[in-house]
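Chemist: Below: one structure in structure tokens.
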Amino acid sequence: MTATGAVVLAAGQGTRMRSRVPKVLHPLAGRSMLDHVLAALAEAGIEQPVVVVGHGAEAVEASVAGRATTVRQESQDGTADAVRCGLEQIGDGVRQVLVAMGDAPLVPGALFTELLHAQAEGDARIALLASRPNDASGYGRIVRNPDGSVRAIVEDRDADQETQGLGEVNAGAYSFDATWLRANIGAVRASPSGERYLTDLVAMATAEGGTVTVVSAPRADLAMGINDRSGLAAAARIMRDEIAERHMRNGVTIVDPANTYIDAGVEIGEDARIEPWTVLSGTTTIAAEAVIGPGAQVIDSRVGARTVVWASVIEESTVAEDVQIGPYSHIRPGCEIGPRCRIGNFAELKKARVGAGTQIHHFSYLGDAELGDGVNIGAGAITANFDGSTKHRTTIGDGAFIGVDTMLRAPVSIGPGARTGAGAVVTRDVPAGETVVGMPARRIGTRRRNLEADA
């Protein structure tokens, strides 16, 4: 049994967000606030924390299914009561209990680790995270004795003017001696408002002669909690800067970090270059030496080495190496683009598999299609894949040439080396090497092919 457990407080309503979405599920750099907290706890070695839920319980439970144990705080009686609920799901063999706030997504795993070490090494009842923000309003103040030891935490609403002048504040993350916490959590008294504050445990610990250790965050913004949309935007800026810095230290060129948006789950290879006004979202992977942007958006996709994506959108697709895409192309979900392809101005693809070296330069739509190697798609060519009720596929063989303004009415197959004339409306399969023209398209001959060229 693990010696360390964790309780994440995620039951609050978050009224200042003015949202129907539970506060901890609001997205930040491609993950919910709560996901960032769980990831930081995992970095600190805690893989299965207990998440205390309340407002929007079903949505929060669904979001962490398989990654955390959840327990409902049926009555919102304060943070001490929430921790009490969480403790019921933590085994007796646990020696330390880490408490984290679900709306504080910037606390790194290293700080959680430092809290655990500070509490264990000093045999303290509590180790708490502190910071010194420029504006301390709303935070509980850490009150110290003349010798510098911690005496209590006083909530902002209960603090007198002198106490409000203190700059050191409680950031809301703690490491507790588990045995002491179990023995004392039920003794926290209700405040005049009816809430039971977890912070009251600090005064209880010091009153009996116990030690409370403080770990100071190296930057106040790392410990910030998010209460409203402005705070969410501020946290996004901080996280975006950190993500960009991490990639640049790993050998990625980001031309203008302030105008580049990279989610936390994105992977980028060495010597890739990310141009301004680019958005890389979700589980996207960019391989080495690729150039993305300016003005590109890549969502949950893989982009191969040396590929260039300029002013275009790629969604849930795979793009191989040495491909050129854009400007103004749209690769919709389900596409597989082979190596050395060229996809140019105003081309749209959906559920299309494109072979190596195929050219789709401009003004075309290819949906539910499979293209072989070395195919040429002329301007204005489309696959008419929808008959009003069902989608149908189009297959185009290796080396085929699709003339400008060709309409391919699916289901239809164009054989290897076949050609269509400008403006052709193809309603029947075209055999290999045949040329068809007109509306509807008709055969006008077979291309001579040197079938012994490779012999």
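Chemist: Ranking request for peptides 125-133, 228-236: highest mean number of other beta-carbon atoms within 10 Å first, then the rest in descending order.
Modeler: The most tightly packed comes first, giving 125-133, 228-236.
Chemist: A further question on this structure: If a/c stays under 1.5 just call it rounded; otherwise compare a/b with b/c (prolate if a/b is bigger, oblate if not). Do that for the range 1-105, with a ≥ b ≥ c from the square roots of the Cα gyration tensor eigenvalues.
Modeler: oblate
Chemist: Listed highest first by mean packing, meaning other Cβ atoms within 10 Å per residue, what order do 382-389, 277-284 come in?
Modeler: Answer by packing, highest mean first, reads 277-284, 382-389.
Chemist: Shifting gears a bit: What is the mean projected area of the alpha carbon convex hull for the range 243-446, to one decimal in square nanometres?
Modeler: Mean projected area for the range 243-446: 10.2 nm², to one decimal.
Chemist: Summing Lys, Arg as +1 and Asp, Glu as -1, what charge do residues with Cβ under 9 Å from the Cβ of SER131 carry, SER131 excluded?
Modeler: 0
Chemist: Label the range 4-223 by shape, choosing from rounded, prolate and oblate, from the square roots a ≥ b ≥ c of the eigenvalues of the Cα gyration tensor; if a/c is under 1.5 it is rounded, and otherwise prolate applies when a/b is larger than b/c, oblate when it is not.
Modeler: Note, shape of the range 4-223 comes out rounded.
Chemist: Can you compute the modelled spin-label distance between ASP241 and ARG442, with each label point 7 Å from Cα toward Cβ, in nm?
Modeler: Distance between label points: 7.1 nm.
Chemist: Could you give me the radius of gyration and the Dmax of the range 208-267, taking only the C-alpha atoms into account and expressing both in angstrom?
Modeler: 16.3, 57
Chemist: Given the convex hull over the Cα atoms of the chain, what projected area results after averaging over all orientations, in nm²?
Modeler: Approximately 28.0 nm², given one-decimal rounding.
Chemist: Per DSSP helix of 4 or more residues, -39500 (n - 2.57); summed, then divided by the residues of the chain. What does that give at 222 nm, rounded to the nearest 500?
Modeler: -5000 deg cm²/dmol
Chemist: In nm, to one decimal, how far is the GLU43 label point from the GLN76 one, both placed 7 Å along Cα→Cβ?
Modeler: 3.0
Chemist: Fewest to most neighbouring Cβ within 10 Å: what's the order for VAL309, VAL107?
Modeler: VAL107, VAL309
Chemist: Taking neighbour Cβ counts within 10 Å as the exposure measure, how do PHE176, PHE401 sort from fewest upward?
Modeler: With the sparsest Cβ surroundings first, the list reads PHE401, PHE176.
Chemist: Determine the dipole magnitude for the chain: charges of +1 sit on the beta-carbon of Lys and Arg, -1 on that of Asp and Glu, nothing else is charged, the reference point is the Cα centre, and the result goes in debye to the nearest 20.
Modeler: For this selection, approximately 1680 debye.
Chemist: Can you give the convex hull volume per residue for the Cα atoms of the range 293-340, as a whole number of Å³?
Modeler: Spread over its residues, the Cα hull of the range 293-340 gives 51 Å³ apiece.
Chemist: Antiparallel as a % of all DSSP beta bridges within the chain, to the nearest 5?
Modeler: For the chain, the DSSP antiparallel bridge percentage is about 20.
Read the figures in this text as sums done on the coordinates, not as results from a lab. Being a predicted model, the structure only gives us computed values, none of them experimental. All Cβ positions, glycine included, derive from the backbone under ideal geometry; neighbour counts span all protein chains shown.
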